[in-house]
Amino acid sequence: MAEANRMRLGRFEFAIDHGSFRRITACWSGPGWDFNFSGACLNDDPDEPTFLGGRIGVYCDAAPLPFAKAADYTGVAVELPGSYDEDSGEPYFAVDVGESYEVSDARLRLVTRDGGRYLIELSGTASAAVLGRPERLELLAWADELPDHSHLG
């Protein structure tokens, strides 16, 4: 996938219009990372839409991703076998199509930086519950780095 701000899920293509990430300093399950992407489907069937509302989200919520807070994340790459962290039981990434479904065997890479945003590459396998069979997910999109946040109080 060469074009930025695009995602592919099976045969469907999406224009990503939102991307952000931030370090979660405290959460009931421990520190982690939030990543959020969303966009509109470019080739859904208008007569029988697969994606109600024509949009999709890909995210993780305080996920225990194995990298630390840093001044620059350029070049950080993580491979996430399975769909959740075995130590904590917390999920990694999910696809949101009105309901959330797991993404397994995700690979996340922060490719390059431009000021306060990063070009992020994410790939994995979306659950069969999304399109009736497991499908490859590939995303390349810019994401703004947001200030650290706590999910506690």
Filter the stretch 47-63 down to the residues that are in a loop (DSSP other than H, G, I, E, B) and of a type outside the set (Ser, Thr, Tyr) and list them by number. Asp47, Glu48, Pro49, Phe51
Please identify the pairs in which a residue from the stretch 40-65 that is of a type in the set (Asp, Glu) has its Cβ atom under 7 Å from the Cβ atom of a residue that is surrounded by 10 or more Cβ atoms within 10 Å (Cβ to Cβ) and assigned to a loop (DSSP other than H, G, I, E, B), counting only partners at least 6 apart or on another chain. Asp44/Thr50; Asp44/Phe51
When you scan the stretch 89-104, do you find a residue that is more than 15 Å from Phe35 (Cα to Cα), buried (at least 17 other Cβ atoms within 10 Å of the Cβ) and either polar (S, T, N, Q) or touching a residue at least 24 places away in the same chain (Cβ under 8 Å) (or both), even just one? yes
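Yes or no, residue by residue, for (1) touching a strand residue (DSSP E or B) at 6+ places or on another chain (Cβ under 8 Å); (2) of a type in the set (Ser, Thr, Tyr); (3) farther than 19 Å from Phe14 by Cα; (4) modelled with pLDDT under 95:
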| residue | (1), (2), (3), (4) |
| --- | --- |
| Gly54 | yes, no, no, yes |
| Ala77 | yes, no, yes, no |
| Ala94 | yes, no, no, no |
| Leu108 | yes, no, no, no |
| Thr112 | yes, yes, yes, no |
| Leu119 | yes, no, no, no |
| Pro134 | yes, no, no, no |
| His151 | yes, no, yes, yes |
Search result, residues across the stretch 129-149 that are small (Gly, Ala, Ser) and loosely packed, with under 12 Cβ neighbours inside 10 Å: Gly132
Any idea which residue in the stretch 71-112 is nearest to Arg55 (Cα to Cα), counting only those that are within 15 Å of the chain's Cα centre (by Cα) and among the polar types (S, T, N, Q)? Ser100
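One line per residue, one yes/no per condition, for (1) surrounded by 14 or more Cβ atoms within 10 Å (Cβ to Cβ); (2) out of contact with any helix residue (DSSP H, G or I) (no Cβ under 9 Å at 6 or more places or on another chain); (3) within 19 Å of Asp17 (Cβ to Cβ):
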position	(1), (2), (3)
Phe67	no, yes, no
Val76	yes, yes, no
Ala106	yes, yes, no
Arg117	yes, yes, yes
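The values are calculated or read from the model by the stated rules, or taken from the named source; none is laboratory data. Remember, predicted model here, so these are calculated numbers, not experimental data. Neighbour counts are summed over all protein chains in view; Cβ atoms, including those assigned to glycine, are modelled from backbone coordinates with ideal geometry.
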